[in-house]
Amino acid sequence: MATGQIFSKTTQALFYNYKQLPIQRMLDFDFLCGRETPSVAGIINPGSDGFQKLFFGQEEIAIPVHPTIEAACNAHPTADVFINFASFRSAAASSMSALKQPTIRVVAIIAEGVPESDTKQLISYARANNKVIIGPATVGGIQAGAFKIGDTAGTIDNIIQCKLYRPGSVGFVSKSGGMSNEMYNTIARVTDGIYEGIAIGGDVFPGSTLSDHILRFNNIPQVKMMVVLGELGGKDEYSLVEALKQGKVQKPVVAWVSGTCARLFKSEVQFGHAGAKSGGELESAQAKNQALKDAGAVVEDGKISPVTEITPPPIPEDLKTAIKSGKVRAPTHIISTISDDRGEEPCYAGVPMSTIIEQGYGVGDVISLLWFKRSLPRYCTQFIEMCIMLCADHGPCVSGAHNSIVTARAGKDLVSSLVSGLLTIGPRFGGAIDDAARYFKDAYDRNLTPYEFVEGMKKKGIRVPGIGHRIKSRDNRDKRVQLLQKYAHTHFPSVKYMEYAVQVETYTLSKANNLVLNVDGAIGSLFLDLLSGSGMFSKQEIDEIVEIGYLNGLFVLARSIGLIGHTFDQKRLKQPLYRHPWEDVLYTK
């Protein structure tokens with residue numbers, strides 16, 4: 001057991017089992033005390049590594065996270081305090097591991113309910129190796145103006161009220177963490193305040209005893225008097241009685257053992273702590289108080305020089321807390337108008353998820369809510385679903401599928417294979433729907449004849465989007481285009497844009513047999529008819545939809561289905577790495 005001071009203003013700790021609030025409270029205390037460096041050097045979160053963002057005053061800092069105790073100790077050799085927030089099931093094993101690290105001097109065990117046999121082993125090892133255990137079942141300890149463990153002393157408001165941001169002259173030790181908070185306040189009101197306070201914990205076998213810490217305090221010059229708060233049960237206070245009788249303590253000691261009310265009960269009473277029950281007259285609060293008094297633990301008329309008061313810096317309030325209390329207003333970082341997950345169930349464009357399921361909404365209905373922020377008529381959503389089905393795949397030879405197949409055969413994962421295929425979508429592959437809609441709409445709205453439109457595009461050096469196919473021709477029409485046209489003729493109120501596209505096709509076929517209206521042109525023109533014919537969109541909204549890229553989104557969504565299918569197909573077939581054959585390459589200078 002250490003014989004003097006165990007903390008200082010440069011003490012740093014390793015925090016086991018990440019808990020945001022107690023770590024942030026430690027850092028806030030550091031800032032309040034004017035520390036130059038944070039008291040938490042690293043965090044140990046078994047199986048994880050990286051960094052955790054926290055605040056040191058107004059500055060946001062990144063504290064390293066380590067997967068093991070050994071790794072943390074190696075990375076932070078000057079951190080000599082181990083704060084263990086593990087559960088009672090794993091606290092003993094992790095504490096023993098920490099005690100065996102040469103850099104660790106103090107271990108604080110927060111958990112209650114650690115098996116007594118495990119605690120005895122920890123105590124034995126610590127005493128044999130001159131190390132300090134605080135706990136189990138403790139809130140920790142504090143050196144005023146220097147360092148604190150976890151949630152010790154509670155909130156910042158309480159710490160300021162108790163003047164713990166600067167050192168006083170009183171050494172305090174207690175079994176109870178909760179009562180420590182009360183005593184810090186009381187001591188601050190009648191003395192110059194705490195120098196160091198320790199809550200040894202309420203278990204039957206604490207890692208360090210009341211007398212261990214009183215003997216430490218006796219060797220610290222800054223401590224002028226000591227206060228002890230014990231409780232009924234156990235015999236720990238009697239070791240302090242013996243130390244007083246033997247003259248090992250030369251400084252004034254004020255002591256009290258709580259639990260005197262136990263005699264009012266007819267049977268034995270178990271108070272809050274595991275060790276807080278009287279096992280006989282010797283362990284009663286009255287007997288202990290009398291023994292302490294007889295040994296000289298009394299209130300003496302000592303004088304302590306007053307400490308010059310300082311004004312601690314204000315701790316910046318967390319934004320979330322300040323907003324909730326109405327103290328500040330802050331701009332949001334994201335605007336979302338399509339969905340909301342804050343209530344009892346998610347909503348798409350204001351429609352609850354339960355309604356979507358109960359009323360049998362389809363994929364097209366969900367797209368209409370999330371993309372267009374309104375419930376479109378059923379013929380519109382069925383058309384959306386038809387486009388997705390017709391565009392889901394076009395065989396393994398097109399560029400997107402080919403890329404996904406090659407990537408999958410290279411052993412890459414699903415997302416990589418999908419993205420490699422999606423990245424080929426553009427003006428030459430599947431990305432012409434928006435352009436087709438844009439140019440057809442502009443030409444129709446300006447009353448251009450097909451001749452004027454096509455020849456005008458030719459003069460600009462621009463191919464007409466939505467016209468032309470590598471395979472299909474006048475005599476071999478694209479069945480997908482025919483299905484879309486048939487559906488629109490049956491269900492759409494107006495097909496003016498599609499009819500214009502067909503007129504353009506008639507003119508382009510006079511130039512070449514393969515300049516047919518392709519599926520991009522069919523979807524682009526028919527989507528214009530859907531938007532304008534439904535009566536649910538203004539002209540400005542239609543222009544914005546085309547400009548933003550909504551229609552290409554349909555192709556991206558649809559073709560993702562096929563690209564995922566090709567990826568699974570290659571993996572299912574266990575296809576080897578693809579290598580392009582030499583004979584299919586023209587090698588030239």
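Looking at the range 7-137, the accessible area is 43 square angstrom per residue; that uses a 1.4 Å probe and ignores ligands, DNA and RNA.
Please report, in debye to the nearest 20, how large the charge dipole of the chain is about its Cα centre when each Lys and Arg carries +1 at its beta carbon and each Asp and Glu carries -1 there.
With Lys and Arg at +1 and Asp and Glu at -1, about 1100 debye.
Working with all protein chains in place, sort TRP256, TRP582, TRP371 by solvent-accessible area computed with a 1.4 Å probe, largest first. Could you put the intermediate results ahead of the total?
Working: TRP256 130, TRP582 170, TRP371 75 Å².
Putting TRP256, TRP582, TRP371 in descending order of accessible area: TRP582, TRP256, TRP371.
With 5 Å bins beginning at zero, the pair-distance distribution over Cα atoms of the range 339-390 amounts to 5, 22, 29, 23, 13, 6, 2, 0 %.
For the chain, count the residues as N, evaluate 2.2 N^0.38 Å, and divide the Cα radius of gyration by that value, please. Don't skip to the answer; put the middle values down first.
Numbers: Rg = 38.3 Å, N = 589, 2.2 N^0.38 = 24.8 Å.
Cα-based Rg divided by the globular estimate yields 1.54.
Of all beta bridges that DSSP places with both ends in the chain, some 40 percent have antiparallel geometry. Quick check: at a probe of 1.4 Å, how many percent of the accessible area of the chain sits on carbon and sulfur atoms? Ligands and nucleic acids excluded, carbon and sulfur reach 54 percent. Using the Cα coordinates of the range 7-137, the gyration tensor eigenvalues translate into equivalent-ellipsoid semi-axes of 25, 15, 14 Å, sorted from longest to shortest.
Can you give me the span-like helices of the chain, meaning DSSP H runs with 27 Å or more of Cα extent along the axis and Kyte-Doolittle mean at or above -1.0?
Numbers: long enough: 550-572 (33 Å, 0.23).
Span-like helices here: 550-572.
Rounded to whole Å, the principal axis extents of the Cα atoms in the range 466-572 read 47, 36, 26, largest first.
Shown is the FRET efficiency for ASP341 and GLU242, computed with R0 = 60 Å from the Cβ-Cβ distance and rounded to the nearest 0.05: 0.40. At 222 nm, what value in deg cm²/dmol follows for the chain if DSSP H runs of at least 4 each add -39500 (n - 2.57) and the sum is divided by all its residues, to the nearest 500? Counting only the DSSP helices, I get -12500 deg cm²/dmol. Go ahead and run the numbers for FRET between GLU70 and LYS373, Cβ-Cβ distance against an R0 of 45 Å, rounding to 0.05. Step by step, r from the Cβ atoms, then E = 0.25. Counting only lysines at least 8 places from LYS235 when in the same chain, those with an alpha carbon closer than 21 Å to its own are LYS120, LYS175, LYS245, LYS248, LYS277, LYS288, LYS293.
Taking a straight line from the alpha carbon of LYS472, these lysines sit under 17 Å away, with near neighbours fewer than eight places off in the same chain left out: LYS511.
Partners of LYS441 within straight-line reach, counting lysines whose Cα lies under 16 Å from its Cα and excluding those fewer than 8 residues away in the same chain: LYS496, LYS539. The relative contact order of the chain comes to 9 percent, based on Cα pairs under 8 Å that sit 6 or more residues apart. Taking every C-alpha pair closer than 8 Å and separated by at least 6 residues, the mean separation divided by the residue count of the range 37-158 gives a relative contact order of 18 percent. Modelled spin-label separation between ARG446 and ILE548, with each label point placed 7 Å from Cα along the Cα-to-Cβ direction: 2.6 nm.
The values are calculated or read from the model by the stated rules, or taken from the named source; none is laboratory data. Only a predicted model underlies this, so the values are computations on that prediction, with no experimental measurement involved. Glycine also receives a Cβ, built like all others from the backbone with ideal geometry; neighbour counts cover every protein chain displayed. Please note that ligands, DNA and RNA were not included when accessible areas were found on the heavy atoms of the full protein model with its side chains. Shrake-Rupley method; radii C 1.70, N 1.55, O 1.52, S 1.80 Å.
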